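The values are calculated or read from the model by the stated rules, or taken from the named source; none is laboratory data. This structure is a prediction, so every number in the text was calculated from the model and none was measured. No Cβ is skipped: glycine too gets one built from the backbone with ideal geometry, and neighbour counts run over all protein chains shown. All accessible areas refer to the heavy atoms of the entire protein, side chains included, with ligands and DNA or RNA removed. Shrake-Rupley method; radii C 1.70, N 1.55, O 1.52, S 1.80 Å.
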Amino acid sequence: MKDPKRNPPSPIIDNLEFIGNPFKVAPQSPNWISFSNAQKDLELSLRFLYSYNGSSATFNSYRRELERLLQWSWQIEKTSILELQREHIEEFINFCINPPEAWIGIKNVARFKKSPDGRIPNKDWRPFVVNVSKEEFKRGKEANIGEYFPSQAAIKATFTAISSFYDYLLQEGEVSSNPVALIRQKSKFISRDQQAPIVRRISNIQWDYVLETAELLADQDPEEHERTLFIMNALFAMYLRISELVADERSTPLMCDFERDRDGNWWFKVTGKGNKNRRITVCDDMLKSLKRYREHLNLSPLPSINDKSPILPKYKGSGGITSTRHVRLIVQNCFDAAHNRMLKDGLEQDADDLRIATVHWLRHTGISEDVKHRPREHVRDDAGHASMATTDRYIESDLRERHESGRNKRVREI
């Protein structure tokens, strides 16, 4: 019999569109699992995941954690997930922190592939993947299986997903308690930082270069980069998450989502994280950007309530862009062009810092700038934060300014 720790596991849960509705059709457990409860384990797991069919991001995140739990429970512990107790969950977390090398991959790949016989497991898939940071990748660093170690955020995500799953099983009467909730000392897995995590943002001078670069690109090649300029403005001025600009199963952002109220004020309607709808203030500069973009698209200066044009139309075919990866590439190309301009202007340090910036930093930057001037509750509502505590994370002095102010403090009076 093969040692499961020395051999890569085969994937269990396919993409949402291929698993069907588990409430109507009973799924079949993999043929390599022999014990009787595997079928029930899989059915309950898929029913739990199916409740997130309106949010692909949550579905994918929870599927990743449940897949790991099923693989560990079935192959390592040789038992049903319904039999796991507190001590088992602790063993599972330790396993996730230090998985066998055979279970670790160096890149994300699809779980299943197409074949003449239908969907088949992808032999290159692994439950755990080594991540190389953007900065390290640009410096030529390659993924190394021996360097796998999950971040604190990844460990927290595992706790969150598995605890939610057992809460569901508890409500369904399948278990008598939530074993994750019984773990009293999660601190041995998750370290507690004294201060809130640093909000990653770009500096004011970096943003000036990024925006100016987008404007130059749009002037030079409108067909390619008027959209780039609009995207950069929207991510910064309206604090948008990248998922809120593309079409998905939740919604398709349309021009009519920009709407004017009775007072003549413009708002942008968006379906955000957790399928929550919100209205975002559209500032005057954003309105100017919208007008310029619509003029490029041969549309009227401002949209009407009947304008069903997608905000980010595909170059080929109909409808809006559905790929967040596509938008990330657009933003990254703009970052790279701004980086090169900064180098030419002798701003090596600022240019170097911009190399590690990601799309989401634009949202952070927009919020960080606005909390300096706007009421916190207004920023909270535009950003879609669940609580004021989240918004308050952005109210902090720049670290460079903080260090400068403390550099000359005296320990001894002379």
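Remarks
- Residue-wise HN-Hα couplings along the range 365-376, as the Karplus relation 6.51 cos²θ - 1.76 cosθ + 1.60 with θ = phi - 60° gives them from phi, are 5, x, 5, 4, 6, 6, 5, 6, 10, 9, x, 4 Hz; Gly and Pro carry x.
- Maximal additional length on extending the LYS2-LYS40 stretch stands at 11.2 nm, based on 0.36 nm per residue less the C-alpha distance.
- Accessible surface calculations at 1.4 Å, restricted to protein heavy atoms, place the chain at 57 Å² per residue.
- Loop chymotrypsin sites (Phe, Trp or Tyr not before Pro), the range 284-374, which have at most 12 other Cβ atoms in a 10 Å radius of their Cβ (DSSP): TYR315
- FRET E, pair LYS344, GLU223, Förster distance 30 Å, beta-carbon r, rounded to 0.05: 0.75
- Selected from SER73, SER163, SER176 as most flexible by GNM, with the chain as the system and alpha-carbon contacts under 10 Å: SER176
- Using alpha-carbon coordinates, inclination of helix 222-237 to the longest axis of the chain, degrees: 80 degrees
- Rolling a 1.4 Å probe over the protein chains gives VAL109 an accessible area of about 40 Å².
- Solvent-accessible area of ASP263 with every protein chain in place, 1.4 Å probe, in Å² to the nearest 10: 130 Å²
- Taking the accessible area of the chain, probe 1.4 Å, and keeping the other protein chains in place, the carbon and sulfur fraction comes to 47%.
- Database remark: amide H of THR79 closer than 5 angstrom to the amide H of TRP74 (H placed geometrically; neighbours at sequence offset of 5 or more, or on other chains; Pro and chain starts carry no H).
- Where GluC sites (Glu not before Pro) in DSSP loops with at most 11 other Cβ within 10 Å are excluded, longest remaining stretch of the chain: 173-412
- Considering only the Cα atoms of the range 237-276, their convex hull presents on average a projected area of 3.3 nm².
- By the equivalent-ellipsoid construction on the alpha carbon gyration tensor, the chain comes out with semi-axes of 41, 29, 22 Å, ordered largest to smallest.
- For the range 10-23, putting each phi into the Karplus relation 6.51 cos²θ - 1.76 cosθ + 1.60 with θ = phi - 60° gives couplings of 8, x, 10, 9, 7, 5, 4, 5, 10, 8, x, 8, x, 7 Hz, in residue order, rounded to whole numbers and with x for Gly and Pro.
- Here each label is just a point 7 Å from Cα along the line to Cβ, and for ILE120 and THR79 those points are 3.6 nm apart.
- Take the Cα of PHE18, step 7 Å toward its Cβ, do the same at ILE395, and the gap between the two points is 4.9 nm.
- Take the Cα of LYS314, go 7 Å toward its beta carbon, and the backbone nitrogen atoms of the range 242-260 under 18 Å from that spot belong to 245-255.
- Acute angle (nearest 10 degrees) that the helix 324-344 long axis makes with the longest principal axis of the chain, alpha-carbon atoms: 50 degrees
- Under 5 Å, built H, 5+ apart or other chain: amide partners of LYS113: ILE120, ASN122
- Evaluating 6.51 cos²θ - 1.76 cosθ + 1.60 at θ = phi - 60° for every residue in the range 294-305, the Karplus couplings come out as 5, 4, 4, 7, 6, 10, 5, x, 10, x, 9, 5 Hz, glycine and proline recorded as x.
- Amide N proximity, the range 278-305 versus ASN265 label position 7 Å along Cα-to-Cβ, cut-off under 16 Å: 278-287
- Computed over the range 259-366, the P(r) curve from all C-alpha pair distances, binned at 5 Å from the origin, holds 2, 9, 13, 18, 20, 16, 11, 7, 3, 1 percent per bin.
- Amide proton proximity set for PHE258, modelled H, under 5 Å, gap of 5+: LYS269
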